[in-house]
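The values are calculated or read from the model by the stated rules, or taken from the named source; none is laboratory data. Just so we're clear, the structure is a prediction, and the values are computed from it rather than from any experiment. Cβ placement follows ideal geometry from the backbone for every residue including glycine, while neighbour counts extend to all protein chains displayed. The area values use the complete protein model at the heavy-atom level, side chains included, leaving out ligands, DNA and RNA. Shrake-Rupley method; radii C 1.70, N 1.55, O 1.52, S 1.80 Å.
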Amino acid sequence: MAAAAARSLLGAGRAGCAGRAAAGLCCCSGSRASPHCTVAPQQQQQPPPAPTPDMKSYLWARYREAKKVTKDLVPSIMSNLLNPDAIFTNNEMSLSDIEIYGFDYDYTLVFYSKHLHTLIYNAARDLLINEHRYPAEIRKYDYDPNFAIRGLHYDVHRALLMKIDAFHYIQLGTVYRGFSVVPDEEVIAMYDGSHVPLEQMSDFYGKSSHGHTMKQFMDIFSLPEMTLLSCVNEYFLKNNIDYEPVHLYKDVKDSIRDVHIKGIMYRAIEADIEKYVCYAEQTRAVLRKLADHGKKIFLITNSPSSFVDKGMKFLVGKDWRDLFDVVIVQADKPNFFNDKRRPFRKVNERGVLLWDKIHKLQKGQIYKQGNLYEFLKLTGWRGSKVLYFGDHIYSDLADLTLKHGWRTGAIIPELRSEIKIMNTEQYIQTMTWLQTLTGLLEHMQIYQDPDSQMILQEWKKERKEMREMTRNFFNSQFGSLFRTDQNPTYFLRRLSRFADIYMASLSCLLNYDLNYTFYPRRTPLQHELPTWSDQLCSGAFRIPLLQEMAQIK
């Protein structure tokens, strides 16, 4: 039985309920009278079967059978663990077609230690107190690195932080006012359900503007901002202070911005680079591999010249510029990709801006500002032969893929830690049983007699408790970056739309030949799924396994 289950894991498109599979795990058992796949429409139209004389015994027997089968499947799933160093693909792409590689700087070429977010939080909190006259008592709230996750939405008018799925539905149980979860019934009353209409969602770049009341936090740098908003909200609520949420949001946003604009963060990192920058030889190794294969390499970042120079010298070496054909700093993305008016300016060795007209982007030089249209004219680097990597799905990737036809790669550092959690036996056992129990509920709901309904309510309660448990595997407040209870998150929806490939870090490129082709797994649409299967359902979002990666290293 376990061997058959393992074989079925490798077959894409045969899943009886792949649309419900979570995190690449199975969602059906393989029992002979499997109750875990969708009932065919013609079966649903038929009258429900008459209850057996002892429905309690019958249903609990099926429950125990399903649980035993699930337990037997876990070892086969454990033998096919996910590879945290793999590259995952949303769109077919061959590296043999890529001639030019571009990179963002922060959280793409360079990664920062946990100390950086504490620095940003503390500096912004001080600005709130000193420049915006907020109560000094908010200093008692320290930065909590485990509170928020990326991709959350913030209702500016209601001062609520929440997680929203790909269909604009709020995940109940993840709505926070300050540090307190808002009861489900209160959320439903505020939003007339749990759906957020399109006109209230954030604009294209995740901002709250032009009537949009939601802000989406997509940047890794936004984690301190979310925590600071929650801290100040918590203080005002606990002390019964009447305040305007819109003013609070703007003041916190401005304070976080000033930490960057006023150079507070940059000066602190440059002064103690070993504390804040995570040194990694892989960055140089990736760049050297590309250069040795004759690839063109460029950098477009919003960070300033001296900051990038010091960081790259630390990460790559004093000769880092020799690896890059073009270096552009303070680009002001995403405006860089849309504003045709700003010309490039050359930056000399002392960081002084020169007034020369730029006719060519020269290797070894650093340029500031500019725009993509001028960049394309000066370099001729167009279309699908260019692959650009960044961590911000909106500012780095969206315009490039939608307007300019570049290929895009998203760097998602959280991916590695989430996959490691998904590879644990506890997670696999929990998710396998959760999906099996869901299938059991789906099939057995046809029994409407009181005894059956009482048992089904017990199963629903168990399912709800298990969902809360799975959320706690990742983040106690908000769960996984990529999933709500059963749907993809809004974050994953945008990632799937704007990134051809995604990975935990650039070092994953070292595992692949530069002629490698990434093929997305064909996942069946709901109407393509078989209505019944005697085999284990394969995952809806299957990703490379450790054994596969061993063959390509």
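Under 7 Å by Cβ, and 6 or more places apart or on different chains, what pairs join a residue from segment 190-215 that is modelled with pLDDT of 80 or more with one that is among the charged types (D, E, K, R) and open to solvent by less than 50 Å² (accessible area, probe 1.4 Å)?
Qualifying pairs under 7 Å: S202/K215; T213/D155; M214/D155.
What about Q429, is it open to solvent by 50 Å² or more (accessible area, probe 1.4 Å) and out of contact with any helix residue (DSSP H, G or I) (no Cβ under 9 Å at 6 or more places or on another chain)?
Judged against the criteria, Q429 is not a match.
Determine which member of the set R522, R467, R471 is modelled with pLDDT under 95, of a type in the set (K, R) and under 22 Å from N90 (Cα atoms). Working first, answer last.
On the way: R467 fails: under 22 Å from N90 (Cα atoms); R471 fails: under 22 Å from N90 (Cα atoms).
When all the criteria are applied, what remains is R522.
Which condition number does K67 fail, the rest of (1) open to solvent by 20 Å² or more (accessible area, probe 1.4 Å); (2) in a helix (DSSP H, G or I); (3) within 23 Å of R521 (Cα to Cα); (4) not hydrophobic (A, V, I, L, M, F, W, C) being met?
(3)
Which of the residues spanning segment 148-176 are of a type outside the set (D, E), touching a residue at least 40 places away in the same chain (Cβ under 8 Å), assigned to a strand (DSSP E or B) and crowded, with 20+ Cβ neighbours inside 10 Å?
Matches in segment 148-176: H153, Y154, L161, I164, Y176.
Among the residues of segment 272-287, is there at least one that is in a helix (DSSP H, G or I), within 16 Å of L128 (Cβ to Cβ) and either open to solvent by 30 Å² or more (accessible area, probe 1.4 Å) or β-branched (V, I, T) (or both)? Spell out how you get there, then give the answer.
Taking segment 272-287 as the starting set, the residues that turn out to be in a helix (DSSP H, G or I) are 273-276, 281-287.
From the residues that got through so far, the ones that are within 16 Å of L128 (Cβ to Cβ) too are none.
Scanning segment 272-287, I find no residue that is in a helix (DSSP H, G or I), within 16 Å of L128 (Cβ to Cβ) and either open to solvent by 30 Å² or more (accessible area, probe 1.4 Å) or β-branched (V, I, T) (or both), so the answer is no.
With the requirement that a residue be part of a helix (DSSP H, G or I) and open to solvent by 20 Å² or more (accessible area, probe 1.4 Å), what does segment 306-325 give you?
Residues satisfying the conditions are S306, D309, K310, K313, F314, R321, D322.
If you take the residues of segment 353-390 that are open to solvent by 40 Å² or more (accessible area, probe 1.4 Å) and closer than 30 Å to F111 by Cβ, which of them is modelled with the lowest pLDDT?
Selected residue: L353.
If the requirement is being modelled with pLDDT of 95 or more and either closer than 22 Å to L481 by Cβ or among the aromatic types (F, W, Y) (or both), which of these qualifies: I393, I411?
I411
Please go through segment 483-521 and give me each residue that is aromatic (F, W, Y), closer than 25 Å to C278 by Cα and part of a loop (DSSP other than H, G, I, E, B), ordered by number.
Result: Y512, single match.
Mind checking which pairs have a first residue in segment 262-282 that is touching a residue at least 12 places away in the same chain (Cβ under 8 Å) and among the basic types (K, R) and a second that is assigned to a helix (DSSP H, G or I) and surrounded by fewer than 17 Cβ atoms within 10 Å (Cβ to Cβ), Cβ under 7 Å, 6 or more apart or different chains?
Taking only residues 6 or more apart or on different chains, the pairs are K275/H115.
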